[in-house]
Each structure stands twice: as C-alpha cells, then as structure tokens.
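**Student:** Just passing along the structure, written as structure tokens.
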Amino acid sequence: MQAMVSAEHAMDKGKGMTESHTPSMLQVFNNHFDRAARYLKAPADLLEYIRACHSLYSIKFPVRIRGEVQIFHAYRAEHSHHRTPTKGGIRFAPDVDLDEVAALAALMTLKCAIVNVPFGGAKGAIALDPKAYEPDELERITRRYTTELVRKNFIGPAVDVPAPDMGTGEREMAWIADTYIMLNPNELNSLACVTGKPVAQGGIHGRTEATGRGVQYALREFFRHADLVQATRMQGELAGKRIAVQGFGNVGSHFARLVQAEDGAVIVGIAERDGTIYAPDGLDIQAVLQWREATGSIKHFPDATTFDDAKACLELDCDILVPAALQNQITAQNAGRIKAPLIAEGANGPTTAEGDAVLREHGKIV
C-alpha cells in the first residue's frame, strides 16, 4: 500500500492548456478560473491561494476479490479549509484520477461559497466500475477505503464529510458511516461523518432527489426574470418548454420526473451512456423509467427515435438543454451545433472553457 499527502502541484498542472485535445477536468477548471479571475480586482497571489488545493490523499489498497488480491487506486481531495468541515461526494468510476478529484473538490469550494454554505470543498473517488462487482465486494472495498480515510484524518463530522456522487448512493454511505462508527465508538456525533445515508440510518427525506430538484428550482428562478427569458428569445413560463436531458442517473432522472410532473415542461430527449432517445411531442418519464427497469436501457423506447450516441442529445431541437452526465461534454467542437438557447448545467464541469466561449458567441445562456 502506498499513500501520498500533498498540496498545490495538482492545481498547477494544466494551467494555460488549450483545447487541441480532450482537456482534463483540472485543465477545464483552471481555464474557467483564469477567465473569471480577469473580472476581479484581487491580488494575483490571493487568486493563486484560492486556486490551490490544500490537501490531496492518493491511496493504493488491497482487497481480496473472488480469491485474488486486487489493488485499488483511490483518492480524497480537500481543496479549502477556509470553512470546515470540507464537503464533497465520493464517486466510483473506472477512469477517475487525482487531477479529476482535485478539480471537483475545487468546484465544491466555489459552489458552497456562491450560495454561502459554510463548508470548504472536497471530493473523493475509487477507480473502479461498480457494475463489475457484486454488492458484497463493493462493501468490502468501500469499508477499506473508509478505513484508509480514517487513518489519515480525511473523514469526520468536523473535518471532512463525504456524500454520494456518480456510481454511489445511500447504500455506500451507510457502509461508510457504519465503518466510521466502528472505528470511532466514543465519538458523540459519529453518524454525521457522511450525508446521503438511508433515512432509516440517520438520513433525511428528500436527499436522493435533491440535486435534480436543485436544477428544477434554478430554472424556476430563471423564468421569474423576464429580461433573462427575453435574452433567450423564449417567452412565458417554464411550463411547456421543451427540454433535453443528457444523463438519466440520480440528477437527470429526478429532474426530468419533477419538472414534468410539477412544472408542465415537456421532456423531448434523454441520453444515457449507451444512447439517446428523442420524441418531439414529449416522453412519459415514468414510462421511460419502467422501460429501463425492464430492459436495462432507455434505447428503443416505444414511439421514440433512438440514437446510439449519447452526445446526440446535446444537439436536439429543444428550448433547454440539461447536461447532467459527465464532464467535458460541451466543447469548442460541438458547441456551435447546440440548438437550445438555454443550458442548465446539472453535472460537474460539463462545459469546457472553450465550449462556453462558443456558446456565448452564439447567444446562448449558460
């Protein structure tokens, strides 16, 4: 097993990079940061202090899986301790790396600061495909990861509080909480070491759909401002607006269900990793969810056109595009083909800095 605790170098990698290739998440963050910093009358050294990641933890740990020892690569980044505890999700993804985790932690700091939530930003990950492992195997991996975080003080109610992210949910949070409690039996607030737990194990109602509902509330607020709506050349309210959603996981599925049922919006397109479905007159979200449950995919949903490319969703004819999947989906190469006048980001970093510039050149609002 190897471990590494470090600080600023990861945030410096990729500064000033261009989009001649697919940029890393960290390059995207640094490009956005540099562009935003030009509007601030702040000293350069202060801006670099804000940019820098405070602590990075890179771990390799063994777990016996099906009779063989596998080595797992995992990470935890605490970007800023200006407010504590730090806060941010844990994702399970096969291609995740330290740069991605550092960038996501930095985004958490900025998101918390923008809405005055009193936490610093953090993020964690294990490099694995959760679909490749049985539940009992994932439990052993998650518990070992938690143990490693406890050893280096990278988790705790007053230190660093993880949450669900891509590839994880309330089940994994319950394993983390249980492991932390076993290792800290005398800590009074140990159950607060993680959020997103099942309600029966100290979680709260509404947490599962909270991120998707947040996108819904953001759109409701947008349509309260007539000047912003006019800038998109749309009229009226959210009701009746045609929406395409890239990503039908925890964020996208709940957003689509809620905005259709509660606001009267029309969901015309949905994408998952294996493809896109499109119905210009609208999709029944509950029926799509049932179809996916029965078939394992949204593809070939009745009365909808199926595309094999998940990115096809980005270019559908619609009023609002909601990228709620992975990072770096909207780039300089495809931004000019996006038809939606309004983009409501539900994912972390779905638009590169260069892609954002192209969108604005075409009069889009992000």
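**Student:** So, Ile298, is that one part of a loop (DSSP other than H, G, I, E, B) and not polar (S, T, N, Q) or not?
**Tutor:** Values: part of a loop (DSSP other than H, G, I, E, B): yes; not polar (S, T, N, Q): yes.
Yes: the conditions hold for Ile298.
**Student:** Considering segment 261-281 alone, what residues qualify as being in contact (Cβ under 8 Å) with a residue 24 or more places away in the chain and assigned to a loop (DSSP other than H, G, I, E, B)?
**Tutor:** Across segment 261-281, the qualifying residues are Gly264, Ala265, Arg273, Asp274, Ala279, Pro280.
**Student:** Collect the residues in segment 82-118 that are over 13 Å from the mean Cα position of the chain (by Cα) and part of a loop (DSSP other than H, G, I, E, B), keeping them in residue-number order.
**Tutor:** Correct list: His82, Arg83, Thr84, Pro85, Pro94, Asp95, Asp97, Val115, Asn116, Val117, Pro118.
**Student:** Within segment 222-260, track down each residue that is surrounded by 20 or more Cβ atoms within 10 Å (Cβ to Cβ), part of a loop (DSSP other than H, G, I, E, B) and of a type in the set (Ser, Thr, Tyr).
**Tutor:** Matches in segment 222-260: none.
**Student:** So, one more: Is it the case that some residue within segment 210-219 is at pLDDT 95 or above, surrounded by 17 or more Cβ atoms within 10 Å (Cβ to Cβ) and outside any helix (DSSP H, G or I)?
**Tutor:** The answer is no; no qualifying residue exists.
**Student:** Of the residues Val259, Val251, which single one is under 22 Å from Leu359 (Cβ atoms) and touching a Ser or Thr at 6+ places or on another chain (Cβ under 6 Å)? Spell out how you get there, then give the answer.
**Tutor:** On the way: Val259 fails: touching a Ser or Thr at 6+ places or on another chain (Cβ under 6 Å).
Unique residue meeting the criteria: Val251.
**Student:** Shifting gears a bit: Being in contact (Cβ under 8 Å) with a residue 12 or more places away in the chain, in contact with a helix residue (DSSP H, G or I) (Cβ under 6 Å, 6 or more places away or on another chain) and part of a helix (DSSP H, G or I) narrows it down to one residue among Gly349, Gly336; which is it? Talk me through it step by step, then tell me what you get.
**Tutor:** On the way: Gly349 fails: part of a helix (DSSP H, G or I).
The match here is Gly336.
**Student:** Looking at Val117, Val159, Val96, which is the one that is buried (at least 18 other Cβ atoms within 10 Å of the Cβ) and either outside the structural domain of Arg51 (by TED's automatic domain parsing) or of a type outside the set (D, E, K, R) (or both)? Lay out the reasoning, then the answer.
**Tutor:** Numbers: Val117 fails: buried (at least 18 other Cβ atoms within 10 Å of the Cβ); Val159 fails: buried (at least 18 other Cβ atoms within 10 Å of the Cβ).
Result: Val96 is the single residue among Val117, Val159, Val96 that is buried (at least 18 other Cβ atoms within 10 Å of the Cβ) and either outside the structural domain of Arg51 (by TED's automatic domain parsing) or of a type outside the set (D, E, K, R) (or both).
**Student:** When segment 79-117 is examined, which residues are found to be touching a Phe, Trp or Tyr at 6+ places or on another chain (Cβ under 7 Å) and within 23 Å of Met25 (Cα to Cα)? Spell out the reasoning first.
**Tutor:** First, the residues of segment 79-117 that are touching a Phe, Trp or Tyr at 6+ places or on another chain (Cβ under 7 Å): 83, 85-87, 98, 101, 103, 106-107, 112.
Thr86, Lys87, Leu98, Val101, Ala103, Ala106, Leu107, Cys112 - these are the residues of segment 79-117 that are touching a Phe, Trp or Tyr at 6+ places or on another chain (Cβ under 7 Å) and within 23 Å of Met25 (Cα to Cα).
**Student:** Of all the residues that make up segment 301-328, how many are assigned to a loop (DSSP other than H, G, I, E, B) and among the hydroxyl-bearing types (Ser, Thr, Tyr)?
**Tutor:** Step one: filter segment 301-328 for residues assigned to a loop (DSSP other than H, G, I, E, B), giving 301-304, 308-309, 316-319, 324-328.
Next cut, among the hydroxyl-bearing types (Ser, Thr, Tyr) only: none.
Selection size over segment 301-328: 0.
This table checks each residue for (1) modelled with pLDDT of 95 or more; (2) hydrophobic (A, V, I, L, M, F, W, C).
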| residue | (1), (2) |
| --- | --- |
| Asp136 | yes, no |
| Thr142 | yes, no |
| Tyr145 | yes, no |
| Leu149 | yes, yes |
| Pro162 | yes, no |
| Met166 | no, yes |
| Met173 | yes, yes |
| Glu187 | no, no |
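**Student:** Let me ask something else. Answer with yes or no whether Thr147 is touching a residue at least 24 places away in the same chain (Cβ under 8 Å), surrounded by fewer than 17 Cβ atoms within 10 Å (Cβ to Cβ) and β-branched (Val, Ile, Thr).
**Tutor:** Details: touching a residue at least 24 places away in the same chain (Cβ under 8 Å): yes; surrounded by fewer than 17 Cβ atoms within 10 Å (Cβ to Cβ): yes; β-branched (Val, Ile, Thr): yes.
Yes; evaluated as a whole, the condition is true for this residue.
**Student:** Can you find, within segment 45-81, the residue that is surrounded by the fewest Cβ atoms within 10 Å (Cβ to Cβ) among those that are touching a strand residue (DSSP E or B) at 6+ places or on another chain (Cβ under 7 Å) and in a loop (DSSP other than H, G, I, E, B)? Break it down stepwise before answering.
**Tutor:** Quick first cut of segment 45-81, residues touching a strand residue (DSSP E or B) at 6+ places or on another chain (Cβ under 7 Å) only: 53-63, 69-81.
If we keep only those that are in a loop (DSSP other than H, G, I, E, B) too, we end up with 53-54, 79-81.
Working: Cys53: 27, His54: 20, His79: 30, Ser80: 25, His81: 16.
Applying the filter and picking the extreme gives His81.
**Student:** Testing His362 on (1) closer than 28 Å to Arg213 by Cβ; (2) free of Cβ contacts under 8 Å to residues at least 40 places away in the same chain, one condition comes back false. Which one is that?
**Tutor:** (1)
**Student:** Still on this structure, I have one more. If you take the residues of segment 163-219 that are closer than 23 Å to Ala77 by Cα and of a type in the set (S, T, N, Q), which of them is farthest from the chain's Cα centre (by Cα)?
**Tutor:** The qualifying residue farthest from the chain's Cα centre (by Cα) is Asn184.
The values are calculated or read from the model by the stated rules, or taken from the named source; none is laboratory data. Being a predicted model, the structure only gives us computed values, none of them experimental. A quick note on method: Cβ atoms are made from the backbone with ideal geometry, for glycine too, and the neighbour counts reach across all protein chains shown.
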